[in-house]
1. Which far-off residues, 5 or more places away or on another chain, put their amide H under 5 Å from the one on VAL8, with H placed in the peptide plane?
2. Over the chain, what is the percentage of antiparallel beta bridges among all DSSP beta bridges, to the nearest 5?
3. Once you sort the root eigenvalues of the Cα gyration tensor of the stretch 80-186 as a ≥ b ≥ c, which label holds: rounded (a/c under 1.5), prolate (a/b larger than b/c) or oblate (the other case)?
4. So how much accessible area does PHE67 have, in Å² to the nearest 10, using a 1.4 Å probe?
5. Using alpha carbons only, how many degrees (0 to 90, rounded to 10) separate the axis of helix 138-148 from the longest principal axis of the chain?
6. For the stretch 1-75, what does the accessible surface come to per residue with a 1.4 Å probe? Please give it in Å².
7. Heavy atoms only, probe 1.4 angstrom, no DNA, RNA or ligands counted: give me GLU140, GLU4 ranked by accessible area, highest first.
8. Can you tell which of ILE62, ILE147, ILE73 shows the greatest fluctuation in a Gaussian network model of the chain with Cα springs below 10 Å?
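The values are calculated or read from the model by the stated rules, or taken from the named source; none is laboratory data. The structure displayed is predicted, hence computed values, not measured ones. For accessibility, only protein heavy atoms count, side chains too; no ligands or nucleic acids. Shrake-Rupley method; radii C 1.70, N 1.55, O 1.52, S 1.80 Å.
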Amino acid sequence: LATENLLVVHNNKAQTASFDPTTRKLTLPVIETQSESVYNLFIGHEVGHALQTPVDWKDTVIAGTPFDFINVIEDVRIEKYIQDKFPGLRKDFTRGYNELNDKDFFDIAGKDLTKFSLIDRLNLHFKLGSLAMVPFSEEEQMWVQAIDECDTYQKVCLTAKMLSDWLNEKQEDEKEETEKYEPETD
């Protein structure tokens, strides 16, 4: 799939799969699965990084952008890419995420998703779709669409920075609003 020789390592201490674009090392967790779908999902996802994520990705991140924002949005982009490149993986991604959700891999069973951070909800939405029924406000829905439209790494970086700035501004506005109504004490 990767069209190159990658170093593939199975690591029983790894919580999930990962790929290092510099060393070209694809790490897979050792996990019990009901089918090959989870394994194929992990491989497909990481091969998507091998084919699409720039080796110098860290150098092109806009200053002040949280890593997890880049990671979540880039994951969305590369998963769409790899499934378009290899359409046979679509069933593995669907079945794999179904199986991971059934095992509560994302640790969401019985939890109120409205209490999750926006970036965590976005991650769950794009990975689990209707399995999780992730809630978004009308205002937040614009970020779902913006992330869905990221088809280059540059757009990932720009969207991640804009989302981070938007959340910071929103937090500042809420803080100012709270302070406006708090009684002053001497």
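1. Here LEU26 satisfy the definition.
2. On the way: 3 of 8 bridges.
Antiparallel: roughly 40 percent of the beta bridges in the chain.
3. On the way: a/c = 3.70, a/b = 1.72, b/c = 2.15.
Note, shape of the stretch 80-186 comes out oblate.
4. Approximately 120 Å² of PHE67 is accessible to the 1.4 Å probe.
5. The two axes meet at around 30 degrees.
6. Values: 4200 Å² over 75 residues.
Value for the stretch 1-75: 56 Å² per residue.
7. GLU4, GLU140
8. ILE62
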